[in-house]
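A quick write-up on the structure given underneath.
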Amino acid sequence: MIVEIGHFALFLALGAALAQTVVPFWGARVGDAGLMGVGRSAALTQLLLIAIAFAALVNAHLTSDFSVLNVAENSHSAVPAIYKISGVWGNHEGSMLLWVLILAVFGALVALFGRALPRVLRADALAVQGLISVAFLAFILLTSNPFERLMPAPFEGRDLNPILQDPGLAIHPPLLYLGYVGFSIVYSFAAAALIEGRIDAAWARFVRPFTLVAWSFLTLGIAAGSFWAYYTLGWGGFWFWDPVENASLMPWLAGTAFVHSVAVMEKRDALKVWTIFLAILAFSFSLLGTFLVRSGVLTSVHAFASDPRRGVFILAILALFIFGSFALFAWRAPMLKQGGLFAPISREGALIVNNLLLTTSCATVLFGTLYPLALEQLTGEKITVGAPFFNLTCGALLLTACFVAPFGFSLAWKRGDLLAVAERLTVALVAGAVTAVLGAAWLSGGSVFAPLAAGLAIFVILGTLIEVVMRVRRPGLAPAVALKRALGLPLSFYGAALAHVGLGVTLLGLAGLGFGAETIATLHKGVPERVGPYSITLDWVGERVGPNYKEAATSMTVRSGAAVVAEIAPARRQFAARQMTTTEAGLATLNFGQVYVAIADPTPDGDVPARLYWKPLVTLIWLGAAAMALGGALSLADRRLRFGAAARAKAGGGSLAQPAQ
Amino acid sequence: MIMRPIHFALFVTLALGAAPARAVQPDEVMKNPALEARARALSEELRCLVCQNQSIDDSDAPLARDIRILIRQRIAQGESNETVRAYLVSRYGDFILLKPPFKPETMLLWLSPALVLGAGLAAALFARRRAPRSTPALSAEEEARLAALTGGDTTGG
């Protein structure tokens with residue numbers, strides 16, 4: 001019964017979304033405030049209805065109602081409760097429902113906090129948001145119904161894919177979707193601005209918090225996914241340039257470019273057309289990512305062709321929103337007024353370089369991901385575009401972008417002095433160069449990437465910190481005054497600084513991998529095996545039974561010299577319901593680095609074939625990503641940027657809001 | 001539920017029958033560390049043909065293991081990495097190379113970063129050239145308004 005209520009609520013939500021699309025748009029055209037106001041209530045109603053539908057599905061999973069096809073295929077009565085819940089989005093239908101739920105949450109946020117916005121802009125933005133909702137709700141109801149019943153109901157479910165039964169992968173999709181879907185707001189506002197043919201700094205100020213929310217969550221989502229891959233897949237790889245990963249990286253790259261260009265627009269009223277373009281691009285890549293992952297086109301073009309219903313539907317959605325918005329862009333963008341002049345050597349100039357490099361890497365990822373598909377369709381020839389291609393091309397582009405980052409952060413708006421900035425950054429430049437040279441000497445002829453990345457990382461971190469100190473301290477300034485200056489700086493400045501330091505920290509973590517060690521060996525009980533600066537001894541091998549699996553478990557001691565520094569317990573788990581085996585790596589964090597041990601099945605006489613790794617600084621990769629996301633959050637807390645602050649300031653005649661013309 | 005022991009038995013048979021395939025195993029490693037390093041470098045460039053975008057160095061698939069062993073046998077026989085790679089390409093096609101070779105069909109792919117960057121730069125320069133060089137001078141009317149504003153109240157802002 002509850003399941004049917006959920007299904008019914010979803011139909012009603014489609015109705016609400018239709019109302020949200022048509023009524024406010026019409027109201028905006030005829031200038032009727034009452035009709036425009038409908039957008040607000042429709043958005044809130046829609047959220048309520050989708051929340052009911054989502055709760056119904058969660059309930060079905062929690063109570064293991066196997067008469068629901070979705071539950072029977074993706075759950076099991078013995079699965080722990082947390083994975084019963086994460087099983088809701090661990091499959092196609094449920095994850096699409098989560099997608100529209102988040103879409104509705106963002107729509108409701110605009111409805112709630114957008115009161116201070118110009119009425120027409122808000123009405124148009126809600127209408128576009130409603131249209132996206134209509135498309136995806138129709139997609140769910142017509143091709144991917146999560147509420148389908150199963151007759152007769154089986155006694156037991158087919159279990160959630162064991163590799164998804166993990167905390168990292170339980171939170172990965174919601175985080176990622178908050179990012180993907182968050183860009184929908186930016187997109188809706190871009191489309192609304194184009195429909196109106198007018199855009200100003202107040203627009204940027206309203207959109208920026210949403211951008212920061214979306215970008216921060218996307219950063220966390222990607223980091224969670226890569227961390228999961230790192231400890232699950234059994235050899236410590238964390239990024240594979242897999243099409244599914246690329247699908248999440250493209251919106252991130254476009255979104256990162258957007259975060260920077262929207263800052264230019266907000267402060268200097270420049271780069272308007274380009275910012276709108278990026279807003280459309282970021283969400284288009286989110287849609288493309290959804291299509292690539294959900295249509296099955298990636299696993300094989302043939303898998304797509306054998307059941308094209310979903311794929312074609314998403315392709316139609318994709319075409320509507322991408323071509324529609326770009327057509328609107330081509331038609332309306334020339335009308336947007338350009339403002340804010342600047343010299344090439346200026347913060348604006350540096351941010352343009354940043355944008356060029358980021359969008360080029362984004363395009364490269366796109367080409368690399370789709371090229372094999374296109375080539376196979378056109379010529380029948382199969383090629384692979386794998387990690388070495390992306391490391392070479394995107395690696396070079398992104399490292400260059402990292403190099404530019406401290407310069408952009410230190411240059412003044414409008415007209416900067418490159419020489420003076422270089423002088424300020426001398427200490428950071430020298431420290432970076434020394435790090436790179438020392439690193440190269442240490443590796444003596446190994447990879448070029450590791451020492452280069454280490455040097456760049458030091459440059460980015462120090463360069464950013466130097467700028468923070470320079471803003472606060474001048475020679476001869478009393479400490480009390482310096483403190484006052486430090487407190488007077490806007491939070492968004494500290495947010496940007498933290499994000500840049502985070503970038504450097506992540507880069508340092510990546511560089512650390514080049515300095516690691518690997519040992520492949522069969523471990524015998526009591527015989528230590530060396531890896532890097534540590535030695536690892538196998539103490540115990542045995543069998544254990546978990547709630548829905550059996551495992552070959554071990555326990556090992558990590559020693560540095562004679563001192564015991566950690567105990568680890570790598571294992572192999574066998575999940576009966578799906579006949580799958582997973583690797584549980586043994587991890588010990590030591591000074592930001594990790595000892596990583598993955599085992600194969602123990603031999604009958606109790607020996608354990610294993611791969612042992614020492615990965616120095618590896619945790620910095622994800623700590624840096626967390627710092628980047630935190631930087632976004634800090635920037636969000638800036639009181640100038642709170643939802644609606646722009647228009648309030650405008651209404652009060654304050655000096656913060658810059659009028660459009 | 002009754003199925004479970006049977007499943008487990010199946011596991012055990014599978015585990016004992018076929019060697020449990022995992023990314024590089026101790027029994028595969030070559031005695032000579034220099035040759036082993038060469039084999040590792042080569043296998044990082046080769047795609048596991050039955051997986052998605054994984055190199056054979058990382059893959060657990062039995063086919064990947066077969067190719068890892070084949071590479072090591074050939075290297076042990078004194079073949080260079082290039083010869084082994086060429087042999088594998090002749091057998092499996094370019095599909096096995098994670099880094100696509102530069103040839104007419106892949107030219108667009110390899111040149112795409114340069115093309116996009118170039119187009120972006122050209123667009124930026126074009127936009128700059130089209131934009132006015134400096135702020136236009138204030139009109140007489142604006143001058144008058146400015147004078148009125150600054151003359152009337154110098155503290156306002």
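Brief remarks on what is shown
- Annotation for residue A:430 and residue B:125: the two label points, set 7 Å from Cα along the Cα-Cβ direction, are 3.7 nm apart.
- Sequence ranges A:112-119, A:561-568, ranked by mean other-Cβ count within 10 angstrom, highest first: A:112-119, A:561-568
- Taking the average, over residues, of other Cβ atoms within 10 Å as the packing measure, peptides A:195-201, A:365-371, A:477-483 rank A:365-371, A:195-201, A:477-483 from highest down.
- Taking A:205, A:415, A:309 and counting other C-beta atoms within 10 Å, the order from fewest to most: A:309, A:415, A:205
- Test item: A:370-380 mean partner chain Cβ contacts at 10 Å: 2
- Selected from A:495, A:295, A:45, residue furthest toward positive end of dipole (the protein assembly as shown; charges at beta carbon): A:495
- Under a model in which nothing but the beta-carbon of Lys, Arg (+1) and Asp, Glu (-1) is charged, the protein assembly as shown shows a dipole of about 2280 debye around its Cα centre.
- Pairs exceeding 19 Å between alpha-carbon atoms, taken from A:382/B:103; A:550/A:615; A:382/B:99; A:525/B:31: A:550/A:615; A:525/B:31.
- Distance between the C-alpha centres of the stretch A:437-488 and the stretch A:310-356: 34 Å, rounded to the whole angstrom.
- Counting other Cβ atoms within 10 Å as a rough exposure proxy, the listed residues A:172, A:524, A:92, A:260 run A:524, A:92, A:260, A:172 from fewest neighbours to most.
- For B:75, A:132, order by how many other beta-carbon atoms lie within 10 Å, fewest first: B:75, A:132
- Tensor-based shape of the stretch A:517-615 (alpha-carbon gyration tensor, a/c under 1.5 rounded, otherwise prolate or oblate): prolate
- Global form of the stretch A:492-563, assessed from the alpha-carbon gyration tensor, a/c cut-off 1.5: oblate
- Take each residue in B:52-59, count the other chain C-beta atoms within 10 Å of its C-beta, and the mean is 5.
- Sparsely packed trypsin sites (Lys or Arg not before Pro) within the stretch A:490-574, loop by DSSP, other Cβ within 10 Å at most 13: none
- Residues with amide H under 5 Å from that of residue A:534, placed H, sequence gap 5 or more: none
- Shape class for chain A, computed from the alpha carbon gyration tensor (a ≥ b ≥ c): oblate, with a/c not under 1.5 and a/b at or below b/c.
- Furthest towards positive pole of dipole, A:568, A:358, A:528, structure part chain A, Cβ charges: A:358
- For the stretch A:1-165, convex hull volume per residue from C-alpha positions, Å³: 99
- Taking label points 7 Å from Cα along the Cα-to-Cβ direction, residue A:603 and residue A:524 give a separation of 0.9 nm.
- Backbone phi angles across the stretch A:199-210, fed through the Karplus curve with coefficients 6.51, -1.76 and 1.60 (θ = phi - 60°), yield HN-Hα couplings of 8, 8, 5, 5, 4, 4, 5, 6, 6, 4, x, 5 Hz in residue order; Gly and Pro are listed as x.
- A cut-off under 10 angstrom between Cβ atoms defines the neighbours of residue A:535, and their net charge, with Lys, Arg +1 and Asp, Glu -1, is +1.
- Per residue of A:386-398, other chain Cβ atoms within 10 Å of the residue Cβ number 4 on average.
- Sequentially through the stretch A:491-500, phi angles give Karplus couplings (6.51, -1.76, 1.60; θ = phi - 60°) of 4, 5, 5, 5, x, 4, 4, 4, 5, 5 Hz, Gly and Pro residues having no value and appearing as x.
Since every read-out is calculated from the coordinates, none of them should be taken as a lab result. These numbers come from a predicted model, not from an experiment. Heads up, the Cβs are rebuilt from the backbone with ideal geometry, glycines too, and the neighbour counts pull from every protein chain shown.
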